[in-house]
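Notes for the one structure printed next.
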Amino acid sequence: MAIRVSVVVPTSNRRATLEHVLPTLMHQAYDPAAYEILLCDAGSTDGTRELVDTLRPANLTLLTLPNRGRASARNAGIRQARGEIVLFTDADILADPRLIGEHARAHERHANAAIVGRVVEVGSLDAYRRAAAEPSARSRVHPPRERPLSWLFFVTGSASVRREVLVGAGLFDEASGAYGHEDLELGYRLQRRGVRIIYWPSAVNYHWHPESLDERSAKKRLSGEATIRFYRKHRDWRILVRLGVNPFSLGWHAVLSEDGRVMRACRARAARSRTCRAMVLEHAYLSGVKAALTDWRRGGARA
């Protein structure tokens with residue numbers, strides 16, 4: 001049987017999560033002869049290869065790559081893929097048993113489309129098991145129905161595109177940096193080429209990656225820098241608007257200094273207050289935006 005779906009999973013030193021993630025991809029309610037799993041390993045030194053050797057599924061291939069970022073790892077998977085559909089997920093995302101089948105079904109219904117599934121955030125394996133067992137308790141971003149989306153929601157936790165469409169669009173931008181918006185930027189290019197982005201809520205994944213506030217803040221700052229890179233590449237002011245960069249947000253950031261009383265209080269209360277946590281993360285994001293803008297004006301390379 002021909003391979004229909006190639007599942008591309010970038011990873012780097014994520015064996016601890018892969019031990020739980022890979023079995024969810026291996027045990028799908030979809031013919032195992034009709035899909036392959038491409039684990040794109042960017043320089044792991046934590047025993048990822050040994051884990052793959054112990055699992056030994058016939059349809060799992062380990063690609064050993066230099067560590068050049070997630071965009072490069074995903075592109076290596078696309079180039080190696082034998083399936084007509086490429087499904088992207090990550091090393092900290094647990095798959096629903098119907099994930100692959102639902103993406104395949106969505107592509108049968110929609111021609112020239114990128115399919116975005118539903119990603120449910122879970123803080124632990126126990127939370128994942130509860131969410132998997134109780135669909136009504138799952139949080140959701142979109143209404144529970146099929147609908148068109150903007151490129152703003154093309155995130156690679158559960159997204160699939162026909163391989164020929166990805167190649168035609170030029171794959172992921174490997175100059176996007178180590179973290180931030182490489183998926184949104186590809187979604188932007190796909191949509192500009194006339195590819196519809198369709199939300200398919202029955203294609204479910206569970207994102208299992210609890211992070212400290214400091215870790216999350218560091219990523220938000222990198223995302224802010226990536227926003228300016230994204231804008232500089234395409235010079236479309238709507239990118240900034242959709243990603244929350246405007247005079248009001250920049251003014252808010254200017255008023256609340258990093259070491260000021262308000263932000264110190266927010267950091268102290270972030271564990272108990274969603275509002276405080278959101279403010280801390282938004283401040284980190286805008287700090288990244290401003291750093292990249294400053295670097296750009298000085299002729300630097302950060303953005």
Output for Cβ contacts, cut-off 6 Å, separation at least six or different chains, first residue within 16 Å of THR61 (Cβ to Cβ) in segment 1-17, second part of a loop (DSSP other than H, G, I, E, B) and among the hydroxyl-bearing types (Ser, Thr, Tyr), reads VAL9/THR89
Surrounded by 15 or more Cβ atoms within 10 Å (Cβ to Cβ) and free of Cβ contacts under 8 Å to residues at least 40 places away in the same chain - does that describe any residue in segment 71-93? yes
Need a quick list: helices (runs of 4 or more DSSP H) entirely within segment 177-270 having at least 3 residues that are out of contact with any helix residue (DSSP H, G or I) (no Cβ under 6 Å at 6 or more places or on another chain) and under 30 Å from ARG129 (Cβ atoms). 213-234
Return a yes/no flag: does segment 119-126 have any residue that is closer than 17 Å to VAL9 by Cβ and at pLDDT 90 or above. yes
Where in segment 54-173 are there strands (runs of 3 or more DSSP E), lying fully within it, with 1 or more residues that are within 19 Å of the chain's Cα centre (by Cα) and among the charged types (D, E, K, R)? 113-122, 159-162
Could you check, for segment 177-187, whether at least one of its residues is surrounded by fewer than 20 Cβ atoms within 10 Å (Cβ to Cβ) and under 23 Å from ALA113 (Cα atoms)? no
Residue list for segment 197-247, filter: among the acidic types (Asp, Glu) and farther than 27 Å from THR24 by Cα: ASP214, GLU225, ASP236
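Yes or no: LEU293 surrounded by 19 or more Cβ atoms within 10 Å (Cβ to Cβ), hydrophobic (A, V, I, L, M, F, W, C) and farther than 21 Å from GLU215 by Cβ?
So LEU293 passes the test.
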Can you confirm whether HIS234 is within 30 Å of ALA91 (Cβ to Cβ), out of contact with any Lys or Arg (no Cβ under 7 Å at 6 or more places or on another chain), free of Cβ contacts under 8 Å to residues at least 60 places away in the same chain and not aliphatic (A, V, I, L, M)? yes
Got a number for residues in segment 53-105 being touching a Pro at 6+ places or on another chain (Cβ under 6 Å) and among the small types (Gly, Ala, Ser)? 1
Selected residue (only one of ILE93, ILE78, ILE37 is in the same structural domain as ALA203 (by TED's automatic domain parsing), within 23 Å of LEU190 (Cα to Cα) and modelled with pLDDT of 95 or more): ILE78
Answer residue from segment 182-208, given it is out of contact with any strand residue (DSSP E or B) (no Cβ under 8 Å at 6 or more places or on another chain) and touching a residue at least 60 places away in the same chain (Cβ under 8 Å) and is nearest to GLU102 (Cα to Cα) among those: GLY194
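One line per residue, one yes/no per condition, for (1) surrounded by 13 or more Cβ atoms within 10 Å (Cβ to Cβ); (2) of a type in the set (S, T, N, Q):
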{"site": "SER212", "(1), (2)": "no, yes"}
{"site": "SER223", "(1), (2)": "yes, yes"}
{"site": "ILE228", "(1), (2)": "yes, no"}
{"site": "TYR231", "(1), (2)": "yes, no"}
{"site": "ASN246", "(1), (2)": "no, yes"}
{"site": "HIS253", "(1), (2)": "yes, no"}
{"site": "ALA271", "(1), (2)": "no, no"}
{"site": "CYS276", "(1), (2)": "yes, no"}
{"site": "ALA284", "(1), (2)": "yes, no"}
Among VAL155, VAL161, VAL241, VAL167, the single one that is touching a residue at least 60 places away in the same chain (Cβ under 8 Å), among the hydrophobic types (A, V, I, L, M, F, W, C) and surrounded by fewer than 21 Cβ atoms within 10 Å (Cβ to Cβ) is VAL167
Give me the pairs: first residue in segment 122-133 and farther than 16 Å from GLU211 by Cβ and buried (at least 16 other Cβ atoms within 10 Å of the Cβ), second residue at pLDDT below 90 and not β-branched (Val, Ile, Thr), beta-carbon distance under 8 Å, and six or more apart or on different chains, which are they? ALA131/ALA137; ALA131/ARG138
Based on this model, can you work out whether HIS20 counts as in the same structural domain as GLY187 (by TED's automatic domain parsing), in contact with a Pro (Cβ under 9 Å, 6 or more places away or on another chain) and surrounded by fewer than 18 Cβ atoms within 10 Å (Cβ to Cβ)? no
Please verify whether segment 43-51 includes one or more residues that are over 17 Å from the mean Cα position of the chain (by Cα), surrounded by 15 or more Cβ atoms within 10 Å (Cβ to Cβ) and closer than 15 Å to GLU174 by Cβ. no
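The values are calculated or read from the model by the stated rules, or taken from the named source; none is laboratory data. Just so it is clear, the model here is predicted, and its values are computed rather than measured. Here the Cβ is made from the backbone with ideal geometry for all residues, glycine too, and neighbour counts use every protein chain on show.
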